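The values are calculated or read from the model by the stated rules, or taken from the named source; none is laboratory data. Fair warning: this is a prediction, and the values are worked out from it, not measured in the lab. In this analysis, Cβ positions are derived from the backbone assuming ideal geometry, glycine residues included, and neighbour counts consider all displayed protein chains. Accessible surface is based on the protein model in full, side chains and every heavy atom, while ligands, DNA and RNA are left aside. Shrake-Rupley method; radii C 1.70, N 1.55, O 1.52, S 1.80 Å.
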Amino acid sequence: SLGVCSLDLTFRFTDSDKEYSNADMTTSEFYAKMRSGGVAKTSAINTEGFKAAFRESLDLGLDVIYLGFSSGLSTTYQSAEIAAGELREKYPERTVCVVDSRCASLGQGLLVWYACKKRDAGMDIHQLAQWLDENRFHLCHWFTVDDLMYLERGGRIIATPAVVGTMLKIK
């Protein structure tokens, strides 16, 4: 184990009021619902959720570094920064660093892996936050979708490129 914890974003399908976390639905169930036309919308972790998670470590006398999901894709980073600012006042003897990974998927996972290696090699939390900030754009990562309609449904691209790309089987 790398000694890290993660916080799940929640999601709901537009045809339902039920909010899910990753533990509530298997990956197979999720994608089956998407293939049948379901549209999932994620919800960023709110400030209170971050404060509760960060407090667990701070109350144990530990410092916190949070490597957030890209601010270009979610408001998660901003919520973490607000929570960290409030907690820095309440725990002045502790350090709370929030870094915008500007990544998603395996790219963010790769940064977490590097961060753990740097931590284990003795890098302190301030150096680590600086290293992450300086190196987040120096890695290559890719992800694919089955078709571009998923990106259009989620509001990431507009309809015309989604339709044309899907017709051309661009993934």
Only one of Tyr91, Tyr31, Tyr66 is out of contact with any Lys or Arg (no Cβ under 8 Å at 6 or more places or on another chain), among the hydroxyl-bearing types (Ser, Thr, Tyr) and closer than 24 Å to Leu111 by Cβ; which? Tyr66
Taking the range 73-101 as the search range and keeping residues that are basic (Lys, Arg) and in contact with a helix residue (DSSP H, G or I) (Cβ under 9 Å, 6 or more places away or on another chain), which one is surrounded by the most Cβ atoms within 10 Å (Cβ to Cβ)? Arg94
Single condition Gly61 does not satisfy, out of (1) on the phi < 0 side of the Ramachandran plot; (2) out of contact with any strand residue (DSSP E or B) (no Cβ under 9 Å at 6 or more places or on another chain); (3) in a loop (DSSP other than H, G, I, E, B): (1)
Looking only at the range 1-37, filter to residues that are part of a loop (DSSP other than H, G, I, E, B) and either in contact with an Asp or Glu (Cβ under 7 Å, 6 or more places away or on another chain) or of a type in the set (Asp, Glu) (or both); which one of those is most open to solvent (accessible area, probe 1.4 Å)? Asp17
Hey, could you check the range 1-55 for residues that are modelled with pLDDT of 90 or more and aromatic (Phe, Trp, Tyr) and say which is farthest from Ser79 (Cα to Cα)? Phe30
The correct count of residues that are of a type in the set (A, V, I, L, M), more than 27 Å from Asp63 (Cα to Cα) and touching a Ser or Thr at 6+ places or on another chain (Cβ under 8 Å) in the range 1-34 is 0
Checked the range 79-112 for anything without any contact (Cβ under 8 Å) to a residue 12 or more places away in the chain and closer than 17 Å to Ala44 by Cβ; matches are Gly85
Checking the condition under 22 Å from the mean Cα position of the chain (by Cα), at pLDDT 85 or above and not in a loop (DSSP other than H, G, I, E, B), which residue from Leu128, Leu151, Leu139 passes? Leu128
Residue selected from the range 104-125 under the condition among the hydrophobic types (A, V, I, L, M, F, W, C) and assigned to a loop (DSSP other than H, G, I, E, B), by the criterion surrounded by the fewest Cβ atoms within 10 Å (Cβ to Cβ): Ala121
Give just the number: which of (1) open to solvent by less than 70 Å² (accessible area, probe 1.4 Å); (2) touching a residue at least 40 places away in the same chain (Cβ under 8 Å) does Ser70 not satisfy? (2)
